[in-house]
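Chemist: What follows is a single structure, and I will ask about it in a moment.
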Amino acid sequence: MLINKTQNGDSLTIALDGRLDTTTAPQLDAEISSGLEGVKNFVIDMEKLVYVSSAGLRVLLKAQKTMNKQGSMVIKNVCDEIKEIFEVTGFDELLTIE
């Protein structure tokens with residue numbers, strides 16, 4: 001999975017490309033954990049993401065909990081397959097998806 005980070009002041013966008021699974025979730029967790037300090041607006045762009053596993057969902061939930069305390073988090077450009085995963089797991093109720 002490729003991770004592209006773009007920071008502009010207190011806004012951070014992370015664009016994901018590939019699969020967010022057991023192998024790649026720790027990489028994303030490390031990127032998010034080290035990058036959220038001082039961030040008020042966090043966007044995860046999933047335009048090129050093709051799959052999310054339960055390990056990936058845990059990373060997204062952890063990021064959402066952090067951002068609930070300091071600002072907002074939005075997930076954008078979600079494909080139909082990942083939308084279905086969010087709906088089946090109830091994550092569509094926990095995350096802001098645009």
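Chemist: Do the sum for the chain: with -39,500 (n - 2.57) for every DSSP H run of n ≥ 4, divided by all residues, what is the mean residue ellipticity at 222 nm, to the nearest 500 deg cm²/dmol?
Modeler: That comes out to -13000 deg cm²/dmol.
Chemist: Could you calculate the contour length gain from D92 to S72, that is, 0.36 nm times the residue separation minus the distance between their Cα atoms, to one decimal place in nm?
Modeler: Separation in residues times 0.36 nm, less the Cα-Cα distance, equals 5.7 nm.
Chemist: Along the Cα-to-C-beta direction of D17, a point sits 7 Å from the Cα; which residues of region 73-89 have their amide N less than 19 Å from that point?
Modeler: 76-79
Chemist: Rule-of-thumb check for the chain: C-alpha Rg over 2.2 N^0.38 Å?
Modeler: 0.96
Chemist: Taking only pairs that are 8 or more places apart or on different chains, how many Lys pairs in the chain have Cα atoms under 23 angstrom apart?
Modeler: Close lysine pairs found across the chain: 18.
Every number in this text was worked out from the coordinates using simple rules, so none of it is lab data. Computed from a predicted structure; not experimentally measured. Counting neighbours? That spans all protein chains shown, and the Cβs are built from the backbone with ideal geometry, glycine included.
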